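K.L.:
This is the structure, below, for whatever I ask next.
Only the coordinates and a few stated rules stand behind these numbers; no lab work does. Every value quoted in this text rests on a predicted model; they were computed, and no experiment measured them. All Cβ positions, even for glycine, are placed from backbone atoms using ideal geometry, and neighbour counts span all protein chains on display.
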Amino acid sequence: MDDPVEVTATALAPEPQVSRSVGGLWNFLREAVLGSHRDYTEGSIGRAIVLLAIPMVLEMAMESLFGIVNVFWVGHLGKEQAAAVGITESLLTIVFTVGLGLSMGTTAMVARRIGEKDPQGAARVAKQAILLGVLVSVPIGLAGVTFSRQLFRMMNAEAGVTVAGGGYLSVIFGANVIIMMLFLINAIFRGAGDAAIAMRVLWISNAINLVLDPCLIFGLGPFPALGVTGSAIATTIGRGCGVVYQLTRLLGGHSRVPLRWRQVKADFALMRQLWGISLGGMLQYLVATAAWMLLMSIVGKFGSAAQAGYTIALRIIIVTILPSWGMSNAAATLVGQNLGAGKPERAEKSVWLAGHSNAVFLTGIAVVFILFAESLVSIFTRDRAVIAYGVDALRYISYGYIFYGYGMVMAQAFNGAGDTMTPTIINLICFWSVQIPLAYALALWFGWGAQGVFLAVTVAESLLAVLAMLAFRRGRWKALKI
């Protein structure tokens, strides 16, 4: 007869191993969210990608939440107020274009200095990026405040929208320096490998905005009812608190970038270098945004149901690719740091590993979209015509997902190396020489309707991935000095 003690010990033996496995996973996730102090130019590349990607995904999710919250609450005020928010967000493309472009250049240069084990050099880049952001923000803010009514009229807004939204636009544009700082300082953190700090900045900002938005819009409790202008004030306060937190981390010695404001001087040579790298990033965003607007216009030729279905499909796609953007941004940081450390082979391995992982992830998402497209679109609308277009858009665009996984990572890898012009040129070729003409031809000349536009998106994005991979394999990005 077996000894009961031995039987019990045997039965329980696997549990400590499982416990250690679960505990190890928990500690790993905890490290990613709270912040890691690892040297990303050493050790496991896969671990580095995940540690950087998790907080970057959560950061992007929080950034998208600003617009969702504002539209949700303002939508209760009326169509004029909702239209005012939509028009202002469209005009903010100017700020986002400059902010995103400067962020690309800042991340690349900070990552390079961190990889070179030159934190003081990273701090010099950080100072000049912040000063440049302030200098760019001032004229944009003055123009927004001074010409708010003219800007609404330029967008063909009705008189009621202009009256309702004047205060909203003035506040948002007047405080655009806060938006710029959020972009730039978080870019500094990402380049340095402090992705968890960048994530917490957006958590704080959104938490404050979530509370203040309804209070200042509707006058809850002791707060005045400021309508749509209250939403702008709430958003600005939330973002402003995020910037304050950024500065406490940056100046308080809690970041890998040892920033001190003693003897701050404008280094115009460094600013010019940063602007030169960032210009390609700005053009990337403009090319993609303008192409998207033109595609929406072509889809509009087939009615509001087609536009609504396309919009719903895009919203679903944007939410599900957040992990992909996280992996892509992680690849950018790893490229910059490893090039700085004189390890171009490790930088290249990081990109291919991120690309393979991203392609596998997005292929899984594509299977879900293809099989359950109607169920997913039906969550957002009951209109059968809208559902039909949304299903087509979701399925057609999903067919190229395995390529998108590589394309997203490759584009960010070039940006991380400081080569922002290569993805800009590829975007111009794929979006303007292929996507737009093909969409127009398939939709209108060949009679495919909106489905022709959706297929053109798949073809162009797949071609973009192939061209990006070919350019990446040539390896010129490895020799770029910044």
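K.L.:
Please state the relative contact order of region 283-482 as a whole percent: Cα pairs under 8 Å, 6+ residues apart? Numbers along the way, then the final one.
P.N.:
Numbers: 271 pairs, mean separation 57.4, N = 200.
Value for region 283-482: 29 percent.
K.L.:
Here is a further query. If r is the Cβ-Cβ distance from ALA269 to PHE372 and R0 is 41 Å, what FRET efficiency results, to the nearest 0.05?
P.N.:
0.15
K.L.:
Let me ask something else. Say R0 is 41 Å: what FRET efficiency, to the nearest 0.05, do ALA207 and THR289 get from their beta-carbon distance?
P.N.:
FRET efficiency, ALA207 to THR289: 0.90.
K.L.:
Can you give the net charge of the other residues whose Cβ lies under 11 Å from the Cβ of ASP267, counting K and R as +1 and D and E as -1?
P.N.:
+4
K.L.:
Mind computing the radius of gyration and Dmax over the alpha-carbon atoms of the chain? Å is fine for both.
P.N.:
For the chain, the Cα-based Rg and Dmax read 23.9, 93 Å.
K.L.:
Relative contact order, percent, of the chain when contacts are C-alpha pairs under 8 Å separated by at least 6 residues? Intermediate values should be presented prior to the final figure.
P.N.:
On the way: 758 pairs, mean separation 94.2, N = 482.
Averaging sequence separation for qualifying contacts and normalising by length gives 20 percent for the chain.
K.L.:
If you don't mind, another one. List, in order, the whole-Hz ³J(HN,Hα) value for each residue of region 364-380 obtained from phi through the Karplus relation with A = 6.51, B = -1.76, C = 1.60 and θ = phi - 60°; use x for Gly and Pro.
P.N.:
Ordered by residue, 3J(HN,Hα) equals x, 5, 4, 4, 4, 4, 5, 7, 10, 4, 5, 5, 5, 5, 5, 5, 9 Hz.
K.L.:
Determine, from the Cβ-Cβ distance of GLN120 and THR146 and an R0 of 51 Å, the FRET efficiency 1/(1 + (r/R0)^6), rounded to the nearest 0.05.
P.N.:
With R0 = 51 Å, the Cβ-Cβ based efficiency is 0.80.
K.L.:
Using every Cα-Cα pair within region 283-482, state what percent have a distance larger than 21 Å.
P.N.:
Considering region 283-482, 53 percent of its Cα-Cα pairs are separated by more than 21 Å.
K.L.:
Could I ask something else about it? In straight Cα distance, which aspartates and glutamates are under 12 Å from LYS478, not counting same-chain residues fewer than 8 positions off?
P.N.:
GLU345, GLU348, ASP419
K.L.:
Output wanted: per-residue J couplings in Hz (rounded whole) for region 405-418, from phi through Karplus 6.51 cos²θ - 1.76 cosθ + 1.60, θ = phi - 60°, x for Gly and Pro.
P.N.:
Values, residue by residue: x, 6, x, 4, 5, 4, 4, 5, 5, 4, 4, x, 7, x Hz.
K.L.:
So if I take the centroid of the Cα atoms in region 144-186 and the same for region 242-299, what is the distance between those two points in Å?
P.N.:
With region 144-186 and region 242-299 each reduced to a Cα centre, they are spaced 20 Å.
K.L.:
Taking region 397-482, which trypsin sites (Lys or Arg not before Pro) meet the DSSP loop condition and have no more than 13 other C-beta atoms within 10 Å?
P.N.:
LYS481
K.L.:
What lysines could a cross-link reach from LYS117, if we take a straight Cα to Cα line under 17 Å and drop same-chain neighbours fewer than 8 places away?
P.N.:
Cross-link targets: LYS343, LYS481.
K.L.:
Let me ask something additional. Compute the normalised compactness of region 38-266: alpha-carbon radius of gyration over 2.2 N^0.38 Å, N being the residue count. Before the final figure, lay out each step's value.
P.N.:
Numbers: Rg = 18.8 Å, N = 229, 2.2 N^0.38 = 17.3 Å.
Region 38-266 yields a ratio of 1.09.
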